[in-house]
1. FRET efficiency for S446 and E398, Cβ-Cβ distance as r, R0 = 30 Å, nearest 0.05?
2. Compute the convex hull volume of the Cα atoms of the chain, divide it by the residue count, and report the result per residue in Å³ as a whole number.
3. So how long is each side of region 356-451 along the principal axes, counting just the alpha-carbon atoms, biggest first, in Å?
4. Quick one: longest stretch of the chain between exposed loop trypsin sites (Lys or Arg not before Pro), exposed meaning at most 16 other C-beta atoms within 10 Å and loop per DSSP?
5. Give me the distance between the Cα centres of region 251-288 and region 46-111, rounded to whole Å.
6. Taking the simple approach of a point 7 Å from Cα along Cα-to-Cβ for both S19 and V84, what is their distance in nm?
7. Work out the P(r) tail for region 108-154: percent of alpha carbon pairs separated by more than 15 Å, whole number.
8. Which FRET efficiency value, to the nearest 0.05, is calculated for L231 and V42 with the Förster distance at 51 angstrom and r the Cβ-Cβ distance?
Amino acid sequence: MLTRADVLAAGGHVESVPSRRILRRVASLFRPYRSQVAVVAVLAVVYSILGIANPILTKTLFDRGLFRPGGHHNLHLVYVLGAVMIVIALLLGAISIWETYLTSVIGQRVMQDLRNGLFGHLQRMSLRFFTSTRTGEIQSRIANDVGGVQLVVTGTFASVLSNVVILAASLGAMLFLSWQLTLLSAVVLPAFVLMTRRVGRTQRRLARETQRSLADLSVITEETLSVSGVLLGKVFDRQRSAIERFEEESERLAGLRVRQQMAGRILVGSMQAFLSISPVLIYLVAALTLSGGTGLTAGTIVAFMVLQTRVVQPMNSLVQSSIDMTASLALFERIFQYLDLSHDIVDDDEAVDVDSERIVGAITFRGVHFTYGDPAAPTTNGAAARDTGWTLRDVNLEIAPGQLAAIVGPTGAGKTTISYLVPRLYEATTGSIAIDGMDVRRIKLSSLARLVGMVTQET
Ligand SMILES: Nc1ncnc2c1ncn2[C@@H]1O[C@H](COP(=O)(O)OP(=O)(O)OP(=O)(O)O)[C@@H](O)[C@H]1O
Ligand SMILES: [Mg+2]
């Protein structure tokens, strides 16, 4: 077991949140749709069980219908079994269409919830959050990160479930047909499990870097292709450097994407090699045991081969699912990070609604101090506060109802800042601000928004 310090010493990356916690939270996103999820689960199980019927029927069709001991064939049995197999195939098709429909509906709903939740949560963040966060970064989390989990929320859970059932059922059927051949196929499994875990870890790291890169691109675009960005670029002849920055990040993203693809492909590739090589091994073992007289029939061998492809396929998909899942954990982590941001300016428990009709509009500032820095850091007593730099220091003012008041001062004096404090766009660090003698913190934010109008100097 590596400790955090070991990982840091090795220059490695420390996973910020345990995967299990994120997984549990992802699972909770599906809670509103449990009935649909249950239907999908039933469909997946039925699908998987019907899926092994055909190989078993194939064995009977071969050994009892086509190549009966004694040389005759039983055409009637071939017709009947053939018809059953066709019906099963059609049923399988229908079930898979229904399942796909349900899983994509569930997945899209989950994404919709995430998107709306994120948007609603960010809407209520204070101005401080937006002035200290890069604009493109926020857009990137809503667009790229929520978009990125689509693959996982639409279908991964259904595919994991059906693959586990298929795997179990197929292994059971293989054991039933010949335990020797099953054993032969099973020895390779542990190697794949180990490899999957390694690839998964790499994938999660790459995914995290990719989302960061996407966000950076988004930020550069926002900064340089907005009206003010283009204006600055043209006036100061900064276009060349903007293009270079964009191209550099774009190249990094391309590299990351390639590495992401490759990490998954190597695993899938070796699975496919196994799929092609193993029939040869089976022929070999079959030949050896045939001479030993264990009674393997041609039907058993054919059925076994069909089953074996049905083991490798779900194993392949399970590996792929686990790669997708680990990669998407990084995305979920970023989304949850934003959802967990606390709102620093909220309604007090005792905040009241105020009728705007009854407000005459007297504004009072009493000993107001304010800093854009960490509001927890400076204090009013002692020299420390002066050093940390108040934007507003001990502001006292009284504006009578109906009075037209103008605040005059050099740029950066804090005029705009004073206006921000009245509708609580920022919170006074100390001191109090009152409208008609009522502290603004005691008035509901929605009322306050109705009471205070504002035209910014940017408009
Ligand atoms: N979001 C912010 N984060 C950190 N510091 C800020 C922020 N907004 C303003 N400041 C700083 O606070 C001080 C007061 O800014 P403010 O915008 O209130 O000045 P102002 O009097 O309105 O100036 P102007 O006449 O240029 O509009 C300035 O030093 C400014 O740099
Ligand atoms: Mg101003």
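Here, each number is a calculation from the coordinates, and none is a lab measurement. What you see is a predicted model, and the numbers here were worked out from it, not measured in a lab. Here the Cβ positions follow ideal geometry from the backbone for every residue, glycine too, while neighbour counts run over all protein chains shown.
1. Details: r = 26 Å, r/R0 = 0.88.
E(calc), rounded to 0.05, equals 0.70.
2. Numbers: hull volume 105.6 nm³, N = 459.
Dividing the Cα hull volume of the chain by its residues yields 230 Å³.
3. Its Cα atoms span 44, 28, 19 Å along the three principal axes.
4. Numbers: sites that count: R124, R134, R238, K444.
Segment 239-443 is the longest.
5. 27
6. Modelled inter-label distance: 4.2 nm.
7. Working: 502 of 1081 pairs.
Summing the P(r) tail past 15 Å for region 108-154 gives 46 percent.
8. My answer for the efficiency is 0.30.
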